[in-house]
Structure formats: C-alpha cells, structure tokens
Amino acid sequence: DLSSGKPEKFVAAVQTMMDRGMIRETPPDVAIEKVAREIVEARALGREVVAVSSVHRISEALSQRVHDLEVERSGGNGQAVLDVHLRRDLQPAELRSSQFYREGDIVEFKYDGEVMRAPVTAVRPDGLLVQDSSCLVPFHQVRGVFDRATMERGSGEKVLLQEKIKQDERIFEKGSRQTIAEIKDGTVYFRGGLKLSVNDGRVRQGDCLTDYKAQGIKGVEVRGIEDNRSAVAMANMEAFHVKGTRHVQNVLIH
C-alpha cells in the first residue's frame, strides 16, 4: 500500500504504522541517543540494525554518537584516524585551470596507467606538484579534486565505500558497507577481506545511510530518523517506501 501510488492506500498504511508504534514523534536528541544505543547493542549480539535518514545533520550526529558508544564499550583500544576524501564538484574545464587548486587538496590522476591520489604541494601555471613525486602532473591528467576530512574508527565499526575497489581479483562495490576487523600498522583490515591504508580516503561514515544508499539492504532492522521538514517532504516520495518496505525484518521511524 505504501508503494501503490494511490493516496488513500498510502494514508491508510501510514495510519496503520502509527497505530502499531512504527512511526513515533520523538525529540531529535532522544531519537539519536535511542537509535545509537540500539545499533551498538545489536552489534554486540551479532544482529544488524541500520539507521536511515535523509538529513545530513542527523546522519553525522548519529554516526558520531555510535562511535562514542563504541569507544566507551571497547575502552578506546584499536582506534585510528581515517582519511575521508570529499569530491569537489568541478567541471572538466575547471579541472584544467590553476585557479581551482590550492595546496593541501587531494587530487586523483593517472600515472603510468595507474590511478593515484596525492596531496598537492604546489600549484604551477602548467600543472601540479604532488607529495612524494618530483614530476609535474599536468592539469589535463587530473580526474578529480577532493577536500580532506577525517574520522576516528575502530574494530567492529562500519564504513561505506565511496568508490568501487578491485583488490586481489576481488571487487568491492561502491556503496557497500564494510566492517572493520582491526587497524594495525597504518592498515585497515575489513572482515570481508578488503585492506586499505588509513589515508586511502575512499571511505565515509557508514552508521547512518541515506535513503538512496539503503535501497540495497536486506534482512536487517531499520531505524529511520527525520525532522519535521524532511518527514513531510518524503511522505509522497520513494524515500518513505525505502524505509518502510525494502527487505527489512522490522522498521521504526522517529
């Protein structure tokens, strides 16, 4: 009924969810605390609870709270700072202009047939100097420019891959959630077999997914958190259907 496209069925389905307690009005800080604790407690029991939100501010706050609780539970052992590369939205013409670069930017470029990333150490009129290389990278070889952010994570926590990664003849898909097994000597080892350096940058927080990222989840418990504005906006959009109908054991929306 949520996906029927018929207003009367949609309204009746939402009312049924409210009657069952599947949609609840909750203060934002209470919702974040409740869902964060559900996620951490479920992990300790080998269960999967996934949070979904269309609001970036809520996603970040929930992710940070989950991390804080994980640190409390583990005593802070095995934590490390991971790089997160945030792609800057630049057009091809802008990538070829020196005015769109600054020292410290992360750039992705092709070198000897291999795609690499490195921080910019100097911007020249005809190209870029990057860390650990004496060669100039011409602007036309740059494939992307990234801002660098960081996040602290440890064993048992989850991250999301920002790019498809091929490693040892295996492919790890973009958007897949990876669980950290351990972080040792500057390398992050994931339970699925993937290994990345702590400064790789192709990961982001994976504790609270957007509706788009959540479309592939299966067999998990879902907790949605929205604010009043986003809840109204999603009421007639696919975002609501994803939370309510996509391969879940049960769903609760705050």
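The values are calculated or read from the model by the stated rules, or taken from the named source; none is laboratory data. Worth saying up front: this structure is predicted, and the values here are computed from it rather than measured. Note that we place each Cβ from the backbone using ideal geometry, even for glycine, and neighbour counts take in every protein chain shown. Remember, those area values only see protein heavy atoms, side chains included, never the ligands or the DNA or RNA. Shrake-Rupley method; radii C 1.70, N 1.55, O 1.52, S 1.80 Å.
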Report task. Considering (1) of a type in the set (Asp, Glu); (2) outside any helix (DSSP H, G or I); (3) closer than 21 Å to residue 160 by Cβ, say which one residue 25 fails and leave the rest. Result -> (3)
Query - residue 11 farther than 25 Å from residue 152 by Cβ, β-branched (Val, Ile, Thr) and open to solvent by 60 Å² or more (accessible area, probe 1.4 Å) - result: yes
Query raised in the report: Within the stretch 40-47, can one find any residue that is open to solvent by less than 50 Å² (accessible area, probe 1.4 Å), over 30 Å from residue 191 (Cα atoms) and more than 19 Å from the chain's Cα centre (by Cα)?
Result: no
Report task. Scan the stretch 55-66 and report the pairs whose first residue is crowded, with 22+ Cβ neighbours inside 10 Å and whose second residue is part of a helix (DSSP H, G or I), with Cβ atoms within less than 6 Å and a gap of 6+ or a chain change. Result -> 62/32; 62/36; 66/36; 66/39
Report task. For residue 41, work out the one condition from (1) farther than 28 Å from residue 156 by Cα; (2) part of a helix (DSSP H, G or I) it doesn't fulfil. Result -> (1)
Requested in this report: Need at least 3 residues that are buried (at least 16 other Cβ atoms within 10 Å of the Cβ), among the hydrophobic types (A, V, I, L, M, F, W, C) and at pLDDT 90 or above per element, so show me which strands (runs of 3 or more DSSP E) inside the stretch 162-254 make the cut, counting only ones lying wholly within it.
Outcome: 177-184
Query raised in the report: Is the stretch 82-94 home to any residue that is assigned to a helix (DSSP H, G or I), within 12 Å of residue 145 (Cα to Cα), open to solvent by 60 Å² or more (accessible area, probe 1.4 Å) and not acidic (Asp, Glu)?
Result: yes
Query raised in the report: Are any of the residues in the stretch 67-74 open to solvent by less than 30 Å² (accessible area, probe 1.4 Å), without any contact (Cβ under 8 Å) to a residue 40 or more places away in the chain and assigned to a helix (DSSP H, G or I)?
Result: yes
Query raised in the report: Residues of the stretch 146-161 being open to solvent by less than 40 Å² (accessible area, probe 1.4 Å), assigned to a strand (DSSP E or B) and either among the charged types (D, E, K, R) or out of contact with any Phe, Trp or Tyr (no Cβ under 7 Å at 6 or more places or on another chain) (or both), which ones?
Result: 146, 149, 151, 153, 158, 159, 160
